[in-house]
Amino acid sequence: MTEADNTDRHRPSRTAIGTDRWSRCRRSERERSSDAGAVKTSEMQSNHRVEPNRTEKNRNREIFFRSGIRHRLVVANYSEEKIRLALARMIIIDELPFKFVERQGFQEFMEIVEPRFPIPHRTTIARACMKIYSSEVDILRGAFVGQRVCVTTDTWTSIQNLNYMVVTAHFIDGDWNYQKKILNFCPIANHKGDTIGRTVESCLLKWGIDRLFTITADNASSNDVAIDYVKKKTKERDSSILGGEFMHMRCCAHILNLIVQSGLKSIHESITKVRNAVRYVRASPARFEKFQECVENEKIKAKCLLSLDVPTRWNSTYLMLDCALKFVRAFDRLEEEDGHYKLYFCELDGNGKKPIGPPNYLDWENVKTFVKFLGIFYEATLRFSGSLFVTSNTYFHELISIEDQLQQLCSVDGDPLLKSMAVEMKKKYDKYWGSMDNINLMLFVAVVLDPRYRLKYVKFWFREWYGKDKGDEMSSKVRDALKRLYVERVGQNGVSSSSGSGASLSRDSMPSVGNASLSDRIKSYNNRFKQHLADEDSVESKSELDRYLLESSEDPDVEDFDILMWWKMNSSRYRVLSQIARDVLAIPVSTVASESTFSTGGRVLDSFRSSLSPNTVEALICTQNWLKDAKKKRPIKLRDIL
C-alpha cells in the first residue's frame with residue numbers, strides 16, 4: 001500500500017467548533033485532532049499498532065453503565081439473533097400480537113434504541129416464538145425425568161366456539177420449590193369422559209411423565225370416567241402410585257361452591273333489597289354520578305367499586321354485599337336527595353312486580369351477618385385456590401372451621417337468621433365431606449406431613465367429631481395410607497426401611513444345655529427379654545416414619561412457617577419420608593390453576609386474533625407460563641376467575 005493510499009484512508013471525517021480539525025481511522029474508528037489540518041500517516045499507523053486485530057465481533061462490543069441499585073459496568077455484544085429472541089419473549093410474556101413489530105410506535109422506538117437492528121416481519125417473529133417454545137419444551141421434559149407429578153385439568157369454550165382443554169402439572173423440584181407448569185392447551189372434540197381421558201393420557205405420554213400421582217378435577221361425571229380411563233392405562237404401564245388408588249382428587253373449591261349455593265337457593269329479603277339498590281345505581285351513568293356525589297359528601301374513602309352480582313355465582317353476591325356495606329351512608333343520602341330512587345321501588349318492573357326496597361337499617365344489619373358468615377367460605381376458597389404455594393395441608397384446617405360453624409348454626413341455639421341456610425348447607429356438606437370414604441386420604445396425610453401437627457392432630461379432631469373408637473379407626477386408615485406410601489418408596493429406592501437393626505444377643509452367649517444352673521438360665525432369659533425391650537424402645541431401630549410420628553411437633557403459632565423449607569432442611573434425616581412429602585405436598589386441592597389459564601386464553605384468542613392456529617395458541621400460552629419468573633408472579637385474582 002502506498003503512502004498516498006494510506007493517507008486517503010485517514011482523510012478528515014468532521015470539523016469541530018473552532019479551528020480544530022479531526023480525522024477518523026477507519027480501521028480502529030478512533031478520532032485524532034490536528035491543528036495543522038492534516039493528519040500524518042505515522043500517527044494513524046501508531047493507532048493501528050494499538051489494536052492491530054480488531055474483528056467484527058470486537059467492533060460490536062460496547063461498554064456502558066447500567067443504572068439501578070448498584071451502578072456497574074456491562075459489556076454487551078450487538079447480536080441480531082439475541083435481540084430477535086428477546087423481542088419474541090416480550091411478545092409471548094406481554095401477550096402482544098405478532099403485528100406489534102410492524103406498528104409505527106415500536107419501529108420509531110427501535111430507531112432510537114438500536115438503529116442497526118432490522119425490524120423483523122410478523123411471520124419472522126412468529127417463527128422466533130415457536131423456536132423459544134421448542135427449546136423450553138426440551139428443558140421442561142428433562143425436569144420430568146424421574147419426577148412424580150400431580151395434574152389439574154379443565155375445559156373451556158373459546159370465542160371461536162371451539163372446546164379447549166388444559167392440563168397443568170404440579171410438582172416440587174429438587175430445590176424444594178413449588179412448580180406449576182402448563183403442559184397443553186389443545187382443542188378437544190367434546191366434553192365426554194373418554195375423550196378427556198385419552199387427551200390426558202396423550203399429554204402424559206408426550207411429555208414422558210411416567211409417575212402420575214393425582215389428577216384434580218371438578219365433580220362433573222365425565223371427569224369420573226376420564227380419571228378411571230387414565231387410572232386403567234397407567235396401571236397397565238405400572239406408572240401410577242399404589243395402582244392409582246389415590247389418583248382422583250375432587251376440586252375442593254368446586255365442592256365448597258356447591259355447598260354455599262345450596263344455602264343461597266332461598267335468598268333472604270334483605271339481600272334482594274341491597275341487590276335492587278345496587279341495580280338502580282348501576283343502571284345509568286347519571287345515577288352512578290349522583291351516587292358518587294353522595295359518596296363524596298359522606299367522605300367515604302372506599303377503594304372498591306360497587307358492582308352488581310351474578311345470582312348464580314355466590315362469591316359475586318358476597319363481594320357485592322361486602323362492598324355495599326362500605327357505602328351505607330351514601331345509600332341513605334341517596335334516598336334523601338334523589339326522588340327517582342324512591343320512585344324506582346314503586347314502579348313495576350318487566351315482570352309486572354315492584355322491586356322490594358330500599359334497604360333499611362335492619363336490612364343492613366342482616367347483610368352484615370350474611371357477609372360475616374359467607375366470608376368464612378370465601379376465605380377458604382381463596383386458600384384452596386392458591387397456585388404458587390402448598391395447599392394440600394390447608395384442607396383439613398378449613399374442614400374443621402366449616403364443620404364447627406355449621407354444627408353451631410344447626411343447633412338449637414343457632415342464629416335464626418342463618419339457621420335455615422346452614423341446614424341446607426350441612427346437607428350438601430355431609431354428601432361430599434360427611435364421610436371419610438368420600439375424601440381422598442392424601443388430604444389427611446398432608447396434615448400428618450406438616451411438622452406442626454403430625455398424626456396426633458388428626459387423631460384429636462377425629463375423636464372430637466366421631467368419638468374415641470371411630471376416631472382411632474379413621475386415624476389408623478390415615479396412618480396405613482402413609483405407611484403404604486413409605487413402603488412403596490423404600491422398595492423403589494432399594495434401601496432398608498429402618499436406619500438401624502439394633503443389637504441382639506448371640507446364641508453363643510446363651511448357656512448350653514446341661515451346663516448351667518436353673519438360676520443362670522433364668523438370668524440369661526431375663527437378659528434376652530431386656531435386650532428385646534431395649535431394641536423395641538431404641539430410636540435407631542425405628543423407621544423414619546416411626547421416628548417422625550414420635551417426635552414433638554413444631555410450634556403451630558409460628559408466623560410465616562415455610563413447610564417446604566423445613567423439609568428441605570430435614571431431608572437428610574428423613575431421606576425416604578422427605579420424598580413422600582414432596583409428592584403429597586405438591587397435590588393441588590382445586591382446579592383454579594387450570595381455570596386461570598382460560599383467562600390467558602381469552603386474551604390470546606380475542607376477536608382480533610381468533611384466526612391463530614391451535615398449535616400457535618398452545619405454544620404462546622404454555623411458553624408464557626414457563627418464561628415468567630416465579631418470583632415476579634402475582635397470585636391468581638380469584639374475583640376474575642370465579
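Read the figures in this text as sums done on the coordinates, not as results from a lab. Since we're looking at a predicted model, the values are computed, not measured. Using ideal geometry, Cβ is built from the backbone for each residue, glycine included, and neighbour counts are taken over all protein chains shown.
If the segment from ILE300 to LEU348 were pulled out straight at 0.36 nm per residue, it would be longer than the present Cα-Cα gap by 14.1 nm. The modelled label-to-label distance between SER420 and HIS191, using points 7 Å beyond Cα along the C-beta direction, is 3.2 nm. In terms of other Cβ atoms within 10 Å, ASP224, ASP322 run from fewest to most in the order ASP224, ASP322. Label sites at SER611 and SER307, each approximated as a point 7 angstrom past Cα along Cα to Cβ, lie 3.3 nm apart. For the pair TYR525 and LYS477, a Förster radius of 30 Å applied to the C-beta separation gives a FRET efficiency near 0.20, rounded to the nearest 0.05.
Length gained on full extension, LYS131 to LYS431: 103.0 nm, using 0.36 nm per residue less the C-alpha separation. The simple Förster model, with R0 at 22 Å and r as the Cβ-Cβ distance, assigns TRP465 and SER411 a FRET efficiency of 0.90.
Residues HIS248, HIS191, ranked from the fewest to the most other C-beta atoms within 10 Å, line up as HIS191, HIS248.
Taking other C-beta atoms within 10 Å as the exposure proxy, MET421, MET565 rank MET565, MET421 from fewest upward. Say each of LEU96 and LEU549 gets a label point 7 Å from the Cα, pointing the same way as Cα to Cβ; how far apart are those two points in nm? The two pseudo-label positions are separated by 5.8 nm.
Counting only lysines at least 8 places from LYS530 when in the same chain, those with an alpha carbon closer than 21 Å to its own are LYS542. Filter LYS82/LYS628; LYS290/LYS326; LYS265/LYS372; LYS233/LYS483; LYS231/LYS568 down to the pairs with a C-alpha to C-alpha distance above 20 Å, please. Long pairs (Cα-Cα over 20 Å): LYS233/LYS483; LYS231/LYS568.
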